[in-house]
């Protein structure tokens, strides 16, 4: 049987791209990632707000954004703004969105960062506010738009791998924690593992339970419960998915040799897929990779390639899904309502650490 190597590693563009976007935040993720991707995709950012005048002017000049504002509230009152792109720390998202829903007469869609708040309760309130205001909420779970992650989803949907048996993601990386990461007592699961937990949901659906073992990271001196995290997701059909998120990764910053990577693997009853994520090489453009085999052509490994990379190219997809939802009146691929299940899974992880047991995300969603 012929294997189709067109695996949809990049999403189709939205049919209408010229929605007027107001950007909140002028830091690295907005300046160097979001806005780069939007200009390449042909989207229409028309305003940017940040209390740092130097940062906002630099971002506006670099990306030819005509309007600048010193505050998000001032920008959101601009009746020309139709879509908000919010890039603020998690603990500020709720207050920004409380203000945004006051302008639902002209603000029709919001792309919010992940995590959608510092905990599940904040995320649920954000979703409620947007739904009551009639604003379409999408969440920037951008690993879903990494090219190898999308290609793996296509393999699963086409049945090339058969019924999934085991999925794993292994991260050996040393993140640069932003100053706001010190505020929560929550670290790797909330900020890093959320990518992988959401990817498992994207690939396999919602697990029955999750069990987590975690220790602190020796390098990270501020208070936290979850530095190095190991977790297992259990599915009703027997599938198991596991993540090792190691933010220590050996004494590379202390003079030792470095071995930094992110790898993933999906084993099915009829095939295997495995890949690497190119993000740790940023700012170098290193595409993620994929190799897979299938019983439909036994003994053959397929290795499709592409030129796009996670940062910044995946961010065409996260904003694009929101714009297309606005075009069609449908739901974004990662809607706020769907993302509550990812936030519930993260919350279940923290409960598992605290209570040393497997925890069902339903306990969080149903308030048990």
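The values are calculated or read from the model by the stated rules, or taken from the named source; none is laboratory data. Values in this document were obtained by computation on a predicted structure and should not be read as measured data. Neighbour counts are summed over all protein chains in view; Cβ atoms, including those assigned to glycine, are modelled from backbone coordinates with ideal geometry.
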Of the residues that make up the stretch 32-40, is at least one in a loop (DSSP other than H, G, I, E, B) and touching a strand residue (DSSP E or B) at 6+ places or on another chain (Cβ under 8 Å)? no
Some residue of the stretch 64-72 being closer than 24 Å to residue 324 by Cβ and either in a helix (DSSP H, G or I) or in contact with a helix residue (DSSP H, G or I) (Cβ under 6 Å, 6 or more places away or on another chain) (or both): no
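I'm checking my understanding of the structure. Among residues of the stretch 271-289 that are touching a strand residue (DSSP E or B) at 6+ places or on another chain (Cβ under 8 Å) and part of a loop (DSSP other than H, G, I, E, B), which one is surrounded by the fewest Cβ atoms within 10 Å (Cβ to Cβ)?
Among those that are touching a strand residue (DSSP E or B) at 6+ places or on another chain (Cβ under 8 Å) and part of a loop (DSSP other than H, G, I, E, B), it is 278.
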Note: among 26, 47, just one is without any contact (Cβ under 8 Å) to a residue 60 or more places away in the chain and outside any loop (DSSP other than H, G, I, E, B), namely 47
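Residue-wise test of (1) farther than 23 Å from residue 309 by Cβ; (2) not assigned by TED's automatic domain parsing to the domain that holds residue 294.
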| site | (1), (2) |
| --- | --- |
| 110 | yes, yes |
| 118 | yes, yes |
| 121 | yes, yes |
| 125 | yes, yes |
| 133 | yes, yes |
| 149 | no, no |
| 152 | no, no |
| 158 | yes, no |
| 165 | yes, no |
Can you confirm whether the stretch 350-362 contains a residue that is farther than 21 Å from residue 226 by Cα and either at pLDDT 95 or above or not assigned by TED's automatic domain parsing to the domain that holds residue 110 (or both)? yes
Looking at this structure, is residue 308 under 26 Å from residue 267 (Cα atoms), touching a helix residue (DSSP H, G or I) at 6+ places or on another chain (Cβ under 9 Å) and in a loop (DSSP other than H, G, I, E, B)? yes
Scanning the stretch 116-136 for residues that are within 18 Å of residue 334 (Cβ to Cβ) and assigned to a loop (DSSP other than H, G, I, E, B) gives 116, 117, 135
Could you check the stretch 343-368 and list, in sequence order, the residues that are more than 22 Å from residue 202 (Cα to Cα) and either surrounded by fewer than 15 Cβ atoms within 10 Å (Cβ to Cβ) or within 20 Å of the chain's Cα centre (by Cα) (or both)? 354, 355, 356, 357, 367, 368
Residues within the stretch 50-71 that are more than 28 Å from residue 308 (Cα to Cα), touching a residue at least 12 places away in the same chain (Cβ under 8 Å) and either surrounded by fewer than 22 Cβ atoms within 10 Å (Cβ to Cβ) or more than 23 Å from the chain's Cα centre (by Cα) (or both), tallied: 9
State which residue pairs qualify: first residue outside the structural domain of residue 118 (by TED's automatic domain parsing) and inside the stretch 79-90, second residue in a loop (DSSP other than H, G, I, E, B) and at pLDDT below 95 in any location, beta carbons under 8 Å apart, and separation of 6 or more residues or different chains. none
Pairs, first assigned to a strand (DSSP E or B) in the stretch 1-20, second at pLDDT 95 or above and loosely packed, with under 13 Cβ neighbours inside 10 Å, C-beta under 8 Å, six or more apart: 20/80
